[in-house]
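Peer 1: Have a look at this one before I ask anything.
The values are calculated or read from the model by the stated rules, or taken from the named source; none is laboratory data. This one's a predicted model, so the numbers in the text were calculated from it and none came from an experiment. Please note: Cβ atoms are built from the backbone with ideal geometry, for glycine as well, and neighbour counts cover all protein chains shown.
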């Protein structure tokens, strides 16, 4: 995993002495232009979000989205904080995401390990196909029975949402893990068994650590999906005091009223963890994106 | 490279994680249980966003005023899901519309007719709930606040051009012509948002000419036979109002097609146009952008007879208690608390609503006082767009008419949709 940036030989553009035909150091202007445009596509909305969050209500609706906030105010943050009861909603969201991330990694890794090592047995092979088939069932299709079921068994709370996240992602995650597991040589495992290790020990001490890069990929996807999810918590959680942040933020978007400044302040606060997580894990995000592609 | 195998290390971290997860679970569980043990919790579902702090405050006050119930303000739970789960909120305080009426029609809402508060509601206001499908023999909803909507106009622009409020269709056209001649945009259109056309132009023009309730009663009776030859139909009954609606297109801002609700509010705050087809909910938004304004409201005149003038109303908030709620007593107690004049009247005054009880005080806000007369005399209708099930994308059809589609063909299509839906039912 070495994605060190390509070192470009120092070749100042101002000299204009580049050879005709160009070498690898030649600036690709069309690509640069496209990349600049793409960067703007991220930066402009981000700028509007940040400047909007610091505006007063009057300035937020004056029709000039790009103007700088004047006067600068933190009122929107205070309002968003109290309206959504931010600390509580935030903790619930963290709980759901952490449980979903940990659960998805462990459960899918276990399933994939069992399936790959028992591929010659029909039950395991078919159970793999059975799990894969679940990829074709999106949550909205089975939302109604899920609402009733979770209500019946007392899982109409954040824990139920986390469990549903784990289960719905099981299909895709198991596929990722299986593909990766096939590349781990059986001999490694055999040598450990020779020393008297049982299946659990082999899994926890050898296989699970080896699955690290793939676990990072699964974890990142799991975090993004569960942190941003609106529909599942909105339908499953029955106690309004245990609701997650995205659902609580719904109150800022209605047909009849716009509270851009409060909404954007709230979104910024909710975005923060995702950005922090990305900053710390971007190394794995980048490698993880290609990880799933290579068998 | 493999991470070094340190059994103790991994064990501890795993144990710490589990302990942390268990701990947070317990904390959440306890937080949920602790107050409930003291007094039964009444879930109060209310989701009108601008009124959330207001009602949250009321819920806290009620909880503090007695020790039998604790009221929990809920704005986040999905209503349909809670009914599916058989754990609906104990007391609802929501906009009453066709979607809500489905719960009533199926008997999901409890009878409240034994409450003295049910008897205090104005008969014609209580009757508004019967415009939608009902459950026989029950008073399932108690209207809490009525919103009256009509054309919002800028009094200063009218005065500066020597114009008075029009009371007939011809006067309206004349007002528009004179404003146009003076270089002022007569009507601000926000056609990018389909609902603004449906609830504004469409509802006002139709409501001013057609008996909305009678029309939909006949439409339901004719059902799957609705078509070019039926006694009522969109293409026949609504054609004339819709034609007039298209006629008004001449007087909107040229960029109406790309303007949304938010733009309209800002434009009205900046005095860019004289008239605006929105309800009082827009005042709160306009106020955000500018407060030094003199706005008023008048019913859209659609005929040559000023006696035909009517305003559009809707039950903005209604109170109901679900049949399966297990906090009936508490819900009723809080309902009665909310219905006290000293609670209900200030709410309506603050959020520009009209009172629903027989002795409700008249509104005092100068922006809506002009509608009081019509409301008192029962000269109102509910918006025609509000009776079309969501399965028919009526607002989009109406938007396409304003965008240039043939009104007759589009209304024919709505008839076909209506008949198809009736056939399926």
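Peer 1: Collect the residues in segment A:75-101 that are in a helix (DSSP H, G or I), closer than 18 Å to residue B:49 by Cα and at the interface with chain B (Cβ under 10 Å from one of its Cβ atoms), keeping them in residue-number order.
Peer 2: A:79, A:82, A:83, A:89
Peer 1: So residue B:223 ticks every box in (1) crowded, with 21+ Cβ neighbours inside 10 Å; (2) touching a helix residue (DSSP H, G or I) at 6+ places or on another chain (Cβ under 7 Å); (3) assigned to a helix (DSSP H, G or I) but one. Which box is left unticked?
Peer 2: Of the numbered conditions (1) crowded, with 21+ Cβ neighbours inside 10 Å; (2) touching a helix residue (DSSP H, G or I) at 6+ places or on another chain (Cβ under 7 Å); (3) assigned to a helix (DSSP H, G or I), the odd one out for residue B:223 is (1).
Peer 1: Here's a follow-up. Is it the case, given these coordinates, that residue B:200 is over 18 Å from the mean Cα position of the chain (by Cα), crowded, with 18+ Cβ neighbours inside 10 Å and under 27 Å from residue B:380 (Cα atoms)?
Peer 2: no
Peer 1: Follow-up. Given the residues B:115, B:98, B:79, which is the only one that is modelled with pLDDT of 50 or more, more than 9 Å from every other protein chain (Cβ to nearest Cβ), within 22 Å of residue A:236 (Cα to Cα) and surrounded by fewer than 19 Cβ atoms within 10 Å (Cβ to Cβ)?
Peer 2: It is B:79.
Peer 1: Report, by residue number, each residue of segment A:131-145 that is closer than 17 Å to residue A:176 by Cα and either surrounded by 11 or more Cβ atoms within 10 Å (Cβ to Cβ) or in contact (Cβ under 8 Å) with a residue 24 or more places away in the chain (or both).
Peer 2: Matches in segment A:131-145: A:131, A:132, A:133, A:134, A:135.
Peer 1: Need at least 1 residues that are over 24 Å from residue B:279 (Cβ atoms) per element, so show me which helices (runs of 4 or more DSSP H) inside segment B:365-425 make the cut, counting only ones lying wholly within it.
Peer 2: In segment B:365-425, B:407-424 are the helices (runs of 4 or more DSSP H) which contain 1 or more residues that are over 24 Å from residue B:279 (Cβ atoms).
Peer 1: On to the next question. State which residue is nearest to residue B:55 (Cα to Cα) when the search covers only segment B:82-94 and only residues that are part of a loop (DSSP other than H, G, I, E, B) and at the interface with chain A (Cβ under 10 Å from one of its Cβ atoms).
Peer 2: B:89
Peer 1: Sticking with this one: Are any residues in segment A:147-164 within 21 Å of residue A:101 (Cβ to Cβ) and more than 9 Å from every other protein chain (Cβ to nearest Cβ), and if so, which ones?
Peer 2: A:155, A:160, A:161, A:162, A:163, A:164
Peer 1: Restricting segment B:269-280 to residues that are crowded, with 21+ Cβ neighbours inside 10 Å and within 11 Å of chain A (Cβ to nearest Cβ), which is nearest to residue B:312 (Cα to Cα)?
Peer 2: Taking the candidates together, the pick is B:279.
Peer 1: For segment B:258-289, give me the residue count where each residue is closer than 15 Å to residue B:195 by Cβ, in a helix (DSSP H, G or I) and in contact (Cβ under 8 Å) with a residue 40 or more places away in the chain.
Peer 2: Within segment B:258-289, residues that are closer than 15 Å to residue B:195 by Cβ, in a helix (DSSP H, G or I) and in contact (Cβ under 8 Å) with a residue 40 or more places away in the chain number 5.
Peer 1: List the helices (runs of 4 or more DSSP H) inside segment A:210-262, counting only whole elements, that have at least 3 residues being more than 8 Å from every other protein chain (Cβ to nearest Cβ) and surrounded by 23 or more Cβ atoms within 10 Å (Cβ to Cβ).
Peer 2: A:212-228
Peer 1: While we're on this one: In segment B:358-377, how many residues are within 23 Å of residue B:134 (Cα to Cα) and at pLDDT 90 or above?
Peer 2: 0
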